[in-house]
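**Q** Dumping the structure here so I can ask a few things about it.
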Amino acid sequence: MVAPDLLIAFVAALVVVYAVPGPDMALVLQTSIARGTRTGLVAAGGLALSRATHVTLSACGVAALLKAAPWLYEVIRVGGAVYLGYVAVQIFRSPMFSLQSETEGGRAPRAPLRAAFAKGLLTNLLNPKALIFCSVLLPQFVRPAAGPLAWQVTELGIVLLIVGMAFDTLYAVGAARISKLLRAHPLAQTVQRWAFSAALLGFALRLSFD
């Protein structure tokens with residue numbers, strides 16, 4: 001079991017990381033603003049599954065493989081940059097907000113929900129830096145004398161997912177409320193789409209050249 005002081009330090013590190021703007025945050029905010037809290041939370045679910053995958057791969061040593069095989073890292077990096085660029089273009093070309101994203105009774109269509117989940121999954125899964133981040137951060141809080149390493153990594157991974165979902169939920173709920181204001185002001189909608197498209201495109205360029 002991870003020592004309490006190390007666990008507190010780990011949570012503090014995660015808070016700093018999740019509070020910094022990035023493609024995950026931009027995706028949840030945009031999805032929630034455009035389609036509501038429920039769809040934004042579904043996108044956050046995709047992000048959570050991707051993070052769980054990264055934690056598992058890190059524990060299996062896949063991150064070390066990426067470091068040892070630069071060409072594989074480059075393939076994933078370029079693929080992730082292309083996908084972020086694609087999402088940015090989709091946001092830019094999206095129509096003004098309408099209430100068509102929800103059916104009677106407040107239920108969103110299944111197709112947009114599946115698309116939102118897939119976007120959340122792929123946005124994080126195709127970012128090799130997220131995998132490298134897990135492989136670098138988790139070992140810093142593991143102590144061999146504290147018990148089986150597998151259990152410690154599992155515990156840290158669960159905490160990572162909980163903190164990530166907490167931030168994503170906060171972004172989704174807050175952004176959905178902002179959407180009410182944007183629906184009443186077309187100019188604000190245009191600025192919002194440009195801003196999020198530019199942000200994701202910037203992350204894509206940073207990933208492609210870093």
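**Q** Just for segment 45-62: of the residues that are touching a Leu at 6+ places or on another chain (Cβ under 7 Å) and hydroxyl-bearing (S, T, Y), which one is modelled with the lowest pLDDT?
**A** Ranking the qualifying residues of segment 45-62, first place goes to S58.
**Q** Also, I was wondering about something else. Does T53 fit the bill of being under 24 Å from V136 (Cβ atoms), more than 10 Å from the chain's Cα centre (by Cα) and of a type in the set (S, T, Y)?
**A** Yes; evaluated as a whole, the condition is true for this residue.
**Q** Among the residues of segment 3-57, how many are hydrophobic (A, V, I, L, M, F, W, C), over 20 Å from P128 (Cα atoms) and surrounded by fewer than 19 Cβ atoms within 10 Å (Cβ to Cβ)? Lay out the reasoning, then the answer.
**A** Here is the first cut: in segment 3-57, the residues hydrophobic (A, V, I, L, M, F, W, C) are 3, 6-17, 19-20, 25-29, 33-34, 41-44, 47-49, 52, 55, 57.
If we keep only those that are over 20 Å from P128 (Cα atoms) too, we end up with 3, 6-12, 15, 29, 33-34, 41-42.
Next, only the ones that are surrounded by fewer than 19 Cβ atoms within 10 Å (Cβ to Cβ) stay: 3, 6-9, 11-12, 15.
Selection size over segment 3-57: 8.
**Q** Out of A111, A188, A145, A184, report the one residue that is at pLDDT below 80, more than 18 Å from the chain's Cα centre (by Cα), closer than 25 Å to A12 by Cβ and surrounded by fewer than 18 Cβ atoms within 10 Å (Cβ to Cβ). Write out each step before concluding.
**A** Working: A111 fails: closer than 25 Å to A12 by Cβ; A188 fails: closer than 25 Å to A12 by Cβ; A184 fails: closer than 25 Å to A12 by Cβ.
From the options A111, A188, A145, A184, the qualifying one is A145.
**Q** Moving on to the next point. Please tell me if G120 is buried (at least 21 other Cβ atoms within 10 Å of the Cβ) and modelled with pLDDT of 80 or more. Write out each step before concluding.
**A** Values: buried (at least 21 other Cβ atoms within 10 Å of the Cβ): yes; modelled with pLDDT of 80 or more: yes.
Considered against the rule, which asks whether it is buried (at least 21 other Cβ atoms within 10 Å of the Cβ) and modelled with pLDDT of 80 or more, G120 comes out as yes.
**Q** Taking only segment 1-37 into account, find how many residues are touching a residue at least 12 places away in the same chain (Cβ under 8 Å) and farther than 12 Å from Y171 by Cα.
**A** Matching residues across segment 1-37 total 16.
**Q** A follow-up question, please. Which numbered condition in (1) outside any helix (DSSP H, G or I); (2) in contact with a helix residue (DSSP H, G or I) (Cβ under 6 Å, 6 or more places away or on another chain) is the only one that M1 fails?
**A** (2)
The values are calculated or read from the model by the stated rules, or taken from the named source; none is laboratory data. As the structure is a prediction and not an experimental result, all values here were calculated from the model. Here Cβ is always computed from backbone atoms with ideal geometry, including for glycine, and neighbour counts include all displayed protein chains.
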